[in-house]
Amino acid sequence: MKKMKSWLKTGSFNEKDEYYTPKILVEPILKYLKPNSYIWCPFDTEKSEFVIQLKEAGHNIFYSHIWLGQDFFNYEPEEHYDYIISNPPFTRKLEVLDRLYKLNKPFAMILGLPILNYQEIGNFFLGKDLQLLIVDKKVSFDGNTASFNNSYFCRDILPKGIIFEHLENNNSRKHFIKSRMT
Ligand SMILES: C[S@@+](CC[C@H](N)C(=O)[O-])C[C@H]1O[C@@H](n2cnc3c(N)ncnc32)[C@H](O)[C@@H]1O
């Protein structure tokens with residue numbers, strides 16, 4: 001428990017930040033977005049499956065990434081955008097969530113469901129609007145069996161508070177298709 005709390009607060013497991021979202025986990029959010037939207041993907045390069053899939057679905061994408069000198073905590077596109085969608089660095093979840101609510105835009109972020117177990121997270125969400133798009137598989141990011149469920153934490157995107165979505169497979173073993181951002 002002590003180790004988990006330090007992970008949430010200080011980001012001591014920084015290697016966890018470099019897991020790239022597979023295509024199968026981008027797909028469930030697509031049907032909830034208005035057509036031809038303008039979307040900011042703030043933790044993504046042109047090879048991110050978010051950028052690729054959202055563009056293919058007809059949306060207009062602004063992507064940014066720390067590798068491109070664009071730090072989410074002090075960068076924002078100058079152009080109008082409708083949504084912020086991505087998978088953030090796991091070790092900075094609370095800071096990312098805090099900035100997302102301050103930016104005051106609809107968002108959908110991939111986060112591990114186990115974070116709901118922690119008091120810091122419950123305390124953070126007190127009095128805030130939160131929607132969950134929960135997939136019915138523990139999707140693998142690296143081909144190995146995943147130990148927990150990563151799903152979408154959203155604001156002002158879903159038609160109701162909690163929605164479950166079916167996935168054909170969990171992207172592990174014979175089903176594994178890696179992100180092109182890898
Ligand atoms: C969990 S990965 C996900 C990457 C991509 N969004 C995806 O879903 O495949 C998070 C990414 O955010 C990047 N990152 C870390 N801190 C950042 C910051 N302050 N601003 C922008 N990107 C950051 C990391 O280097 C990492 O590549």
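Here, each number is a calculation from the coordinates, and none is a lab measurement. Bear in mind the structure is a predicted one, so any value in this text is a computation, not a measurement. For neighbour counting, all protein chains shown are included, and Cβ atoms are generated from backbone atoms with ideal geometry for every residue, glycine included.
Structure above, values below:
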{"quantity": "Among beta bridges that DSSP assigns inside the stretch 103-168, antiparallel share in %, nearest 5", "calculated": "70"}
{"quantity": "Reachable aspartates and glutamates from K102, criterion Cα separation under 19 angstrom, eight or more residues apart if same chain", "calculated": "D71, E76, E78, E79, D82, E120, D129, D156"}
{"quantity": "Two-site label geometry, E46 and E95: point separation in nm, points 7 Å out along Cα→Cβ", "calculated": "2.9"}
{"quantity": "Ellipticity estimate at 222 nm from DSSP helix runs (n ≥ 4, -39,500 (n - 2.57)) divided over the chain, nearest 500", "calculated": "-6500 deg cm²/dmol"}
{"quantity": "Within-15-Å neighbourhood charge of I24 [Cβ basis; K, R +1; D, E -1]", "calculated": "+1"}
{"quantity": "Neighbour cut-off at most 15 other Cβ (10 Å), DSSP loop, GluC sites (Glu not before Pro), the stretch 108-182", "calculated": "E168"}
{"quantity": "Linear extension gain, K174 paired with N123, 0.36 nm per residue minus alpha-carbon span", "calculated": "14.4 nm"}
{"quantity": "Long pairs among K105/K174; K128/K174; K34/K93; K16/K105, criterion Cα-Cα beyond 31 Å", "calculated": "K105/K174; K128/K174"}
{"quantity": "P(r) tail fraction, the chain - alpha-carbon pairs more than 20 Å apart, %", "calculated": "52"}
{"quantity": "Which of T182, T45, T21, T91 has the fewest Cβ neighbours within 10 Å, and the rest in rising order", "calculated": "T182, T45, T91, T21"}
{"quantity": "Selected from F50, F125, F141 as most flexible by GNM, with the chain as the system and alpha-carbon contacts under 10 Å", "calculated": "F125"}
{"quantity": "Order of K23, K93, K174, K34 - criterion: other Cβ atoms within 10 Å of each residue's Cβ, fewest first", "calculated": "K174, K34, K23, K93"}
{"quantity": "Extension gain, K160 back to E15 (0.36 nm per residue minus Cα-Cα distance, nm)", "calculated": "48.8 nm"}
